[in-house]
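Input: a single structure, listed below in structure tokens.
The values are calculated or read from the model by the stated rules, or taken from the named source; none is laboratory data. As the structure is a prediction and not an experimental result, all values here were calculated from the model. Positions of Cβ are generated from backbone atoms using ideal geometry, with glycine treated the same way; all protein chains shown enter the neighbour counts. Heavy atoms of the whole protein, side chains included, go into the accessibility calculation; ligands, DNA and RNA do not. Shrake-Rupley method; radii C 1.70, N 1.55, O 1.52, S 1.80 Å.
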Amino acid sequence: MKKEKIIEVNDLYAAFDSLTVLSGVSFSAYQGEVTVILGGSGSGKTTLLKHLLGLYPIMGGRISILGKDLAQLREVEQVELYHKMGVLYQSGALLGSLTVAENVALPLSQHTKLPPELISDIVYMKLGLVNMAHAYHLYPSQLSGGMLKRAALARAIAMDPPLLFCDEPGAGLDPVSLESLDQLILNLKNQLGMSIVLVTHEVPSILRVANRIVFLDQGQVAFEGPLKEAMHSKHPAVSAFFSVLKNEHVRELVR
Amino acid sequence: MAKKKTDQDVLFSLGEQLKLRVEGRVISPEGRLNFEEAGNFTLLVPRIIRGRKLRHVQISLADIKQIDSAGVMALYHVQRTMARRRISVELVNTPVSVEEKMLLFTTKDQLPERLTVQGGFLERTGEVVHHFFSSYIFGFLLLASNIFYWSFADLFRSSARRKGEVVNQSVLIGVNAVPIVVFLSFVIGFVIALQSSGQLKSFGANIFVVDLVVISIMSQMGPLITAILIAGRSGSAIAAEIATMKVTAELDALKTMGLNPNRFVIVPKLYACMLTMPFLIVLANVAGMTGGGLAANLYLDITPEIFMNRMGDIMRNKDLFTALIKSQVYAALIVLTGSFYGLRVERGAEGVGRVTTVAVVVSITLVILADSILGIVFY
Ligand SMILES: Nc1ncnc2c1ncn2[C@@H]1O[C@H](COP(=O)(O)OP(=O)(O)O)[C@@H](O)[C@H]1O
Ligand SMILES: [Mg+2]
């Protein structure tokens, strides 16, 4: 079965002042798959993600999301596109002036006409999905790094978006929480048919959830393809990354 | 909500995507139970149940074509609220596709109470000038036009605003500044009267102290002191808050949630500042004249009655009007400058401190420049 392309990036170029971060990045992501973006820290993963979100002006190349060319979008069309996306930022980016619950409720109260009681139920349930129901009344400043990430994920999925972007969701999580987070991601994919773009370094996570790998190295895509092929890639950076598998027990998870 | 009566069952159509068929004690939602329809669903179903005085209700899910998290929660919500009235609601005929979603979106625990570049000299100079215009002046005007657009557009559209945010900001920007504004204006009024008392006394022109105090406070010092204090207090706070939000990607998050950060964050502050500034200026004027009156009484033997009488003769309505105009101009300058510098923050926490300082210096400078210009215009 041929899957539908939901993200297509062609020859993307990005730079900050004199620092070139991305030089000719191309890849695609497909409907209903988990696409994992890999790369050393500082390799430009977050920068790439923010370009996909239309947060930076495109300096060179082309990005199309859900069939729409980002550079051609008018403001209303961009907002319409945002309604179909949920984003978990690397910093969490919860609004510091609102409680965790109010943060998750924000998209719901701004974009739907649901009654407040129902919104609070939905918020509670979404926080429960990430095991954060107990933090309902807390402010973001009162949360640890891992808790922040989970609360931010609850906000990202508040509206059941068809397209989800997550920047290092597993950073700061213990292995058990990480596993339940991965399970949630799989559930979102399998049961809601969500398409997910994930930036992560967690090897066990990648093995559990990834359908497709995009490996960034020196501003270019060193590897793009299914997880199984990635593990046998001859590219030095890619094989170095996956070589950890050869020493670790996680190998068993591969099958 | 249209009702259509057939023999024994009734069809309610909720929105475009969902209909409710009611037969006896079985309610069958047909179509999509999603974010758009869930609200109506939770309102209408209890009404039907109560209207028909049902004790045991079955909701048949067989004809649900699509359901999302809001829909699942709507089902649970109905079940729970009805249970409180001892009405049992049973979910029946659940297709696998619906059941999957229901398993995914379950609430495990008890639900809580509700929420409330380098060239020669000329090139470099040219570049600096060009950079200054293109990035500062142009950027500032762009931001100002965007903010003004949204503040007019949203003026009578309360649904576009975050609930309570204007009040909240009014307290932060206006109410909390009252003590310092009153205190400083009082001291300045007192000092003006005191410093001039020696001169006036030697000419035997004691009574003119009233003119001096009233005119200087009303047309100059009151509005200016207020604006400088607000620029120091709130201009910095606004710059720091917005810079922090930018550094932590909160502004990006708002954008990708489909919310306009200018509209969501800056416009309420502008409203609050424009709303409270006139009142602060009135308070500053009263405090300043009280201070001046006290000094006149202590050093020039002018009784409060004489002071008040003379004050009535000197006060001009024009001063009140100019104070109002000034307050709006200062308020806009302070909020816009704070926001502009807040938005220009470079990455990192130390950038926040830097833009905050610059925002205060620039907004105080702009306030004083505006004061001089307005002083000439309204002379
Ligand atoms: N806003 C910015 N201004 C200047 N340099 C930036 C900015 N954002 C990222 N960079 C630089 O771009 C490079 C890639 O950053 P990033 O995309 O955050 O990496 P990753 O997410 O892969 O760790 C880094 O060298 C970083 O210093
Ligand atoms: Mg990153």
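Somewhere in the range A:20-28, is a residue within 8 Å of ligand 1 (Cβ to nearest atom), surrounded by fewer than 22 Cβ atoms within 10 Å (Cβ to Cβ), within 14 Å of chain B (Cβ to nearest Cβ) and not charged (D, E, K, R)?
Keep residues of the range A:20-28 that are within 8 Å of ligand 1 (Cβ to nearest atom), which gives A:21.
Checking the rest, the ones that are also surrounded by fewer than 22 Cβ atoms within 10 Å (Cβ to Cβ) come to A:21.
Subsequent filtering for residues that are within 14 Å of chain B (Cβ to nearest Cβ) retains A:21.
Going one step further and asking which of them are not charged (D, E, K, R), we end up with A:21.
Yes, the range A:20-28 contains at least one residue that is within 8 Å of ligand 1 (Cβ to nearest atom), surrounded by fewer than 22 Cβ atoms within 10 Å (Cβ to Cβ), within 14 Å of chain B (Cβ to nearest Cβ) and not charged (D, E, K, R).
Would you check which residues across the range A:49-61 are under 22 Å from A:Gly92 (Cβ atoms) and either out of contact with any Phe, Trp or Tyr (no Cβ under 9 Å at 6 or more places or on another chain) or away from ligand 2 (no atom under 16 Å from the Cβ) (or both) and list them? Working first, answer last.
At the first step, the residues of the range A:49-61 found to be under 22 Å from A:Gly92 (Cβ atoms) are A:49-56.
A:His51, A:Gly54, A:Leu55, A:Tyr56, listed by residue number.
Please find, within the range B:24-44, the residue that is modelled with the highest pLDDT out of those that are closer than 23 Å to B:Ser97 by Cβ and open to solvent by 60 Å² or more (accessible area, probe 1.4 Å).
Filtering the range B:24-44 for residues closer than 23 Å to B:Ser97 by Cβ gives B:26-42.
From what is left, the residues that are open to solvent by 60 Å² or more (accessible area, probe 1.4 Å) are B:32, B:36.
Working: B:Arg32: 92, B:Glu36: 89.
By that ranking, first place goes to B:Arg32.
Kindly indicate which of B:Leu61, B:Leu43, B:Leu54 is among the aliphatic types (A, V, I, L, M) and farther than 25 Å from A:Ala158 by Cα.
On the way: B:Leu61 fails: farther than 25 Å from A:Ala158 by Cα; B:Leu43 fails: farther than 25 Å from A:Ala158 by Cα.
Just one listed residue meets the conditions, B:Leu54.
Six or more apart or on different chains, Cβ under 9 Å: which pairs go from a residue in the range A:25-44 that's aromatic (Phe, Trp, Tyr) to one that's within 12 Å of ligand 2 (Cβ to nearest atom) and not in a loop (DSSP other than H, G, I, E, B)? Could you list them?
That search, which allows pairs on different chains as well, returns A:Phe27/A:Ile37.
If I ask for residues that are assigned to a helix (DSSP H, G or I), facing chain B (nearest Cβ under 7 Å) and more than 29 Å from A:Leu48 (Cα to Cα), which ones from the range A:104-117 would you list?
Matches in the range A:104-117: A:Pro116, A:Glu117.
Which one of B:Ala227, B:Ala249, B:Ala240, B:Ala205 is at negative phi, open to solvent by less than 10 Å² (accessible area, probe 1.4 Å) and assigned by TED's automatic domain parsing to the domain that holds B:Thr357?
Details: B:Ala249 fails: at negative phi; B:Ala240 fails: open to solvent by less than 10 Å² (accessible area, probe 1.4 Å); B:Ala205 fails: open to solvent by less than 10 Å² (accessible area, probe 1.4 Å).
It is B:Ala227.
When residues of the range A:33-47 are filtered for being within 14 Å of chain B (Cβ to nearest Cβ) and surrounded by 18 or more Cβ atoms within 10 Å (Cβ to Cβ), how many remain? Explain how you work it out, then say what you get.
We begin by selecting, within the range A:33-47, every residue within 14 Å of chain B (Cβ to nearest Cβ); these are A:42, A:46-47.
Pick out the ones that are also surrounded by 18 or more Cβ atoms within 10 Å (Cβ to Cβ) and you get A:46-47.
Counting residues in the range A:33-47 that are within 14 Å of chain B (Cβ to nearest Cβ) and surrounded by 18 or more Cβ atoms within 10 Å (Cβ to Cβ) gives 2.
Quick one: count up the residues across the range A:72-93 that are more than 16 Å from ligand 1 (Cβ to nearest atom) and part of a loop (DSSP other than H, G, I, E, B). Step through it out loud before you land on a result.
Residues of the range A:72-93 more than 16 Å from ligand 1 (Cβ to nearest atom): A:72-86.
Still in the list and also part of a loop (DSSP other than H, G, I, E, B): A:73-74, A:83-84.
Residues that pass the stated criteria total 4.
Is the range A:61-71 home to any residue that is away from ligand 1 (no atom under 16 Å from the Cβ), within 14 Å of chain B (Cβ to nearest Cβ) and over 22 Å from A:Ile157 (Cα atoms)?
Within the range A:61-71 (the criterion being away from ligand 1 (no atom under 16 Å from the Cβ), within 14 Å of chain B (Cβ to nearest Cβ) and over 22 Å from A:Ile157 (Cα atoms)), the answer is yes, since at least one residue qualifies.
Looking only at the range A:166-173, decide whether some residue is within 27 Å of A:Val203 (Cβ to Cβ), in a strand (DSSP E or B) and touching a Leu at 6+ places or on another chain (Cβ under 7 Å).
Just the residues of the range A:166-173 that are within 27 Å of A:Val203 (Cβ to Cβ), to begin with: A:166-173.
Next, from what is left, pick out any that are in a strand (DSSP E or B): A:166-167.
Going one step further and asking which of them are touching a Leu at 6+ places or on another chain (Cβ under 7 Å), we end up with A:166-167.
Among the residues of the range A:166-173, at least one is within 27 Å of A:Val203 (Cβ to Cβ), in a strand (DSSP E or B) and touching a Leu at 6+ places or on another chain (Cβ under 7 Å), which makes the answer yes.
Which residue is surrounded by the fewest Cβ atoms within 10 Å (Cβ to Cβ), if the candidates are limited to the range A:188-205 and must be farther than 15 Å from A:Phe165 by Cβ and either small (Gly, Ala, Ser) or within 16 Å of ligand 2 (Cβ to nearest atom) (or both)?
Checking each candidate, the answer is A:Gly193.
Among the residues of the range A:1-16, write down those that are in a strand (DSSP E or B), more than 16 Å from ligand 2 (Cβ to nearest atom) and open to solvent by 30 Å² or more (accessible area, probe 1.4 Å).
A:Lys5, A:Glu8, A:Asn10, A:Asp11, A:Tyr13
Residue-wise test of (1) in a helix (DSSP H, G or I); (2) open to solvent by 10 Å² or more (accessible area, probe 1.4 Å).
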{"residue": "A:Glu102", "(1), (2)": "yes, yes"}
{"residue": "A:Ile119", "(1), (2)": "yes, yes"}
{"residue": "A:Leu127", "(1), (2)": "yes, no"}
{"residue": "A:His134", "(1), (2)": "yes, yes"}
{"residue": "A:His137", "(1), (2)": "no, yes"}
{"residue": "A:Ala151", "(1), (2)": "yes, no"}
{"residue": "A:Leu164", "(1), (2)": "no, no"}
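Can you name the condition, by its number, that B:Leu184 falls short on among (1) at pLDDT 85 or above; (2) hydrophobic (A, V, I, L, M, F, W, C); (3) within 25 Å of B:Arg263 (Cα to Cα)?
All conditions are met except number (3).
Which ones in the range A:17-34 are within 16 Å of ligand 2 (Cβ to nearest atom) and either at pLDDT 95 or above or in contact with a helix residue (DSSP H, G or I) (Cβ under 7 Å, 6 or more places away or on another chain) (or both)? Outline the logic, then answer.
Filtering the range A:17-34 down to residues within 16 Å of ligand 2 (Cβ to nearest atom) leaves A:19, A:21-22, A:25.
Correct list: A:Val21, A:Leu22, A:Val25.
Residues B:Ser97, B:Ser88: which one is over 16 Å from B:Phe35 (Cβ atoms), more than 11 Å from chain A (Cβ to nearest Cβ) and at pLDDT 85 or above?
On the way: B:Ser97 fails: more than 11 Å from chain A (Cβ to nearest Cβ).
After applying the criteria, what remains is B:Ser88.
Kindly indicate which of B:Thr42, B:Thr107, B:Thr81 is of a type outside the set (A, V, I, L, M, F, W, C) and part of a loop (DSSP other than H, G, I, E, B). Let's see the steps before the verdict.
Details: B:Thr42 fails: part of a loop (DSSP other than H, G, I, E, B); B:Thr81 fails: part of a loop (DSSP other than H, G, I, E, B).
Checking each option against the conditions leaves just B:Thr107.
Could you list, in sequence order, all residues of the range B:45-70 that are surrounded by fewer than 19 Cβ atoms within 10 Å (Cβ to Cβ), assigned to a helix (DSSP H, G or I) and either away from chain A (no Cβ under 12 Å) or in contact with a His (Cβ under 9 Å, 6 or more places away or on another chain) (or both)?
Listed by number, the residues that qualify are B:Arg47, B:Ile48, B:Arg50, B:Gly51.
Can you say whether A:Leu88 is within 16 Å of ligand 2 (Cβ to nearest atom), in contact with a Cys (Cβ under 6 Å, 6 or more places away or on another chain), within 19 Å of A:Pro161 (Cβ to Cβ) and modelled with pLDDT of 90 or more, as far as the supplied structure shows? Before you say what the answer is, go through the steps one by one.
Numbers: within 16 Å of ligand 2 (Cβ to nearest atom): yes; in contact with a Cys (Cβ under 6 Å, 6 or more places away or on another chain): yes; within 19 Å of A:Pro161 (Cβ to Cβ): yes; modelled with pLDDT of 90 or more: yes.
So A:Leu88 passes the test.
If B:Val282 passes every condition in (1) modelled with pLDDT under 90; (2) surrounded by fewer than 18 Cβ atoms within 10 Å (Cβ to Cβ) but one, which one does it miss?
All conditions are met except number (1).
State which residue is surrounded by the fewest Cβ atoms within 10 Å (Cβ to Cβ) when the search covers only the range B:359-379 and only residues that are modelled with pLDDT of 90 or more and of a type in the set (Val, Ile, Thr).
For the range B:359-379, the residue satisfying everything is B:Ile373.
For the range A:176-220, enumerate the residues that are in a helix (DSSP H, G or I), of a type in the set (Lys, Arg) and closer than 22 Å to A:Ala240 by Cβ.
Start the filter on the range A:176-220 by keeping residues that are in a helix (DSSP H, G or I), which leaves A:176-192, A:203-209.
Filter once more, keeping what is of a type in the set (Lys, Arg): A:189, A:208.
If the condition is that a residue be in a helix (DSSP H, G or I), of a type in the set (Lys, Arg) and closer than 22 Å to A:Ala240 by Cβ, then A:Arg208 is the only one that fits.
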